[in-house]
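Student: Dumping the structure here so I can ask a few things about it.
Coordinate-derived values only; no laboratory data. Here the structure is a predicted model, which means the values were calculated and not measured. Cβ atoms come from the backbone with ideal geometry, glycine included; neighbour counts cover every protein chain shown.
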Amino acid sequence: MAYTKSPRPYKHEYQKQKERGEHELRMERQRARREYDKKGINRKGKDISHTKMLSKGGRNKDGTRLESPSKNRARNGHTKKT
């Protein structure tokens, strides 16, 4: 929704995000990105894919890898069939 008549309520949005439990997952994603940057790995045009999805209880310690955005987002939590 565009805020044309009033300023965007950033504080309210942030509080809602914390109530829904999205804040911790966002911080986990950010830590993963920073770790790749710290190692000097070029991640331009790539997503950092978590081995176990964060929404399914995964964490960075479970493992991450660089993947194309289309592959990472198309998987929807399904594992590759062998």
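Student: Which of rounded, prolate, oblate describes the stretch 1-55, given a ≥ b ≥ c as roots of the alpha-carbon gyration tensor eigenvalues and a/c under 1.5 marking rounded, otherwise prolate only if a/b is larger than b/c?
Tutor: Numbers: a/c = 2.86, a/b = 1.87, b/c = 1.53.
Taking the square roots of the gyration eigenvalues as a ≥ b ≥ c, the stretch 1-55 is prolate.
Student: Which residues in the stretch 43-80 place their backbone N less than 16 Å from a point set 7 Å from the Cα of Arg8 along the Cα-to-Cβ direction?
Tutor: none
Student: Out of the chymotrypsin sites (Phe, Trp or Tyr not before Pro) in the chain, which ones are loop residues according to DSSP with at most 15 other C-beta atoms within 10 Å?
Tutor: Those satisfying the criteria are Tyr3.
Student: Enumerate the calculated ³J(HN,Hα) couplings along the stretch 46-51 in order (Karplus 6.51 cos²θ - 1.76 cosθ + 1.60, θ = phi - 60°), each rounded to whole Hz, writing x wherever the residue is Gly or Pro.
Tutor: Each residue's phi maps through the Karplus curve to give 10, 9, 8, 9, 8, 4 Hz.
Student: Further, regarding this structure: Please state the charge dipole magnitude for the chain, taken about the Cα centre, from unit charges on C-beta atoms (+1 on K and R, -1 on D and E), reported in debye and rounded to the nearest 20.
Tutor: 200
Student: Then there's this: Could you give each residue of the stretch 22-27 its phi-based ³J(HN,Hα) in whole Hz, using Karplus coefficients 6.51, -1.76, 1.60 with θ = phi - 60°, and x for Gly or Pro?
Tutor: Each residue's phi maps through the Karplus curve to give 7, 4, 5, 5, 5, 5 Hz.
Student: With angles folded into 0 to 90 degrees, how steeply does helix 10-19 sit against the dominant principal axis of the chain? Use alpha carbons for both and round to 10.
Tutor: Roughly 50 degrees, rounded to the nearest 10.
Student: DSSP loop trypsin sites (Lys or Arg not before Pro) in the chain with at most 16 other Cβ atoms within 10 Å of their Cβ, which ones? Write down the numbers at each step before the final one.
Tutor: Working: sites: Lys5, Lys11, Lys16, Lys18, Arg20, Arg26, Arg29, Arg31, Arg33, Arg34, Lys38, Lys39, Arg43, Lys44, Lys46, Lys52, Lys56, Arg59, Lys61, Arg65, Lys71, Arg73, Arg75, Lys80, Lys81; in loops: Lys5, Arg20, Arg43, Lys44, Lys46, Lys52, Arg59, Arg75, Lys80, Lys81.
Here the trypsin sites (Lys or Arg not before Pro) that fit, given the DSSP loop and packing criteria, are Lys5, Arg20, Arg43, Lys44, Lys46, Lys52, Arg59, Arg75, Lys80, Lys81.
Student: Taking H as built 1.01 Å from N, whose amide H comes closer than 5 Å to the amide H of Thr64, not counting residues under 5 places away?
Tutor: Answer set, sorted by chain and number: Thr51.
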